[in-house]
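What follows is calculated from the coordinates using simple rules that are stated; it is not laboratory data. Note that the structure is predicted; figures quoted are calculated from it, not measured. Every residue, glycine as well, gets a Cβ built from its backbone with ideal geometry; the counts of neighbours run over all protein chains shown.
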Amino acid sequence: MEIISNFESDIKKVVLNELSINGFDVSELEDDRVLISYLEFRKRQFKLNKRIVYQSKSFNCPNNRLVGWKKLKSHIENGDDIRHYQSKRSDDIEFKDSMLNEWGGYHFHLGENVEHDKWIERTNELVFAILTDNEFYAINVFKHGGWADKEIVEIIHDNWPHLIEPYKVRHGKISYSPVGNDRLVLRKNNINSAIELDDGTIYFPMGGGSTLSGDSINIVIKSQKLIRKLKYMFGEAKRYFEQKLICDGEFAKSCDEIKCCLKKDDKDNIVAYLSGREDDYFKLCSFDEFFC
């Protein structure tokens, strides 16, 4: 008996079901977009952890937004959900955040009250920040639309150069470093560009950059790695079930081939099973572990 599979198709079904359960309309999400779009979504949502808040030396919150900032800062330090402070478009499964893709930066509104649609009230002033699993680096407060302000990178460079050290250009120069609207035009057309700072330091896109389709380059690479990971997981499952079939000779003789499938169980694990024998499953990893 030959064991066959299509784990890539199975994991996409798991993802689509996960999104549907959480209220997303996935009826128009194309098959080749499922993994990439879901990974982009997870990247925008980030993990809910307690974070230490670091403010840059030049951080300056306007007086009329201090209450909103203090509330947001408290939520961050307590590990509360702060996703309702983000853009409303962050809940769109196909939203492509060009600032996040190019510079790795998030932005948060500074409203004081949650509106009827679950979002914090919208403000023209926004906190731009870099997030890690345990830190929140508050760059400064910028006006809505300042997505390509050179000052963003200047502040990161001056305060936390270790965050962007891997993207520093060690040798060579660039003939053109777009600023302001020019950079926004390039982003709109999904064209990546380096940036030269006032002291001559040059950085490649710190968020990894975008593909011509507007997807995060890092996310596209990650999706390809996940597909390779699925092939390895099938090998593990196949070896497990081959041994089981040896012990069940009668079943093994009943057909020429049997399909090995994936699903998410009620404990949020990704498990493999043979078609028609779902009670006998093989745990591969947790759902979150697979996408990390």
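Which pairs in the list Lys43/Lys188; Lys70/Lys150; Lys13/Lys188; Lys43/Lys168; Lys13/Lys244 are over 29 Å apart, alpha-carbon to alpha-carbon? Present the calculation step by step, with values, prior to reporting the outcome.
Numbers: Lys43/Lys188 20 Å; Lys70/Lys150 26 Å; Lys13/Lys188 31 Å; Lys43/Lys168 23 Å; Lys13/Lys244 26 Å.
From the list (Lys43/Lys188; Lys70/Lys150; Lys13/Lys188; Lys43/Lys168; Lys13/Lys244), the Cα-Cα distance tops 29 Å for Lys13/Lys188.
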- If Cys255, Cys285 are placed from fewest to most neighbouring beta carbons inside 10 Å, the sequence is Cys255, Cys285
- Pairs to check: Lys231/Lys267; Lys57/Lys143; Lys71/Lys267; Lys57/Lys225; Lys47/Lys173. Give those whose C-alpha atoms are more than 29 Å from each other in this structure. Lys71/Lys267; Lys57/Lys225; Lys47/Lys173
- Given unit charges at Cβ for Lys, Arg (+) and Asp, Glu (-), the dipole magnitude of the chain about its Cα centre in debye, nearest 20, is 660 debye
- Longest segment of the chain with no trypsin sites (Lys or Arg not before Pro) in a DSSP loop having at most 12 other Cβ atoms within 10 Å? 174-252
- Message: Going by Cα centres, segment 256-284 and segment 1-65 are how many Å apart?
- Response: 24 Å
- Task: Please build a GNM for the chain, connecting alpha carbons under 10 Å apart, and tell me which residue among Glu121, Glu135, Glu257 fluctuates the most.
- Result: Glu257
- Note on the structure: Computed for segment 46-215: size of charge dipole around the Cα centre, +1 on C-beta of each Lys and Arg, -1 on C-beta of each Asp and Glu, debye to nearest 20, value 60 debye
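Of all DSSP beta bridges in the chain, what percent run antiparallel (nearest 5)?
Values: 27 of 35 bridges.
The antiparallel fraction comes to roughly 75 percent.
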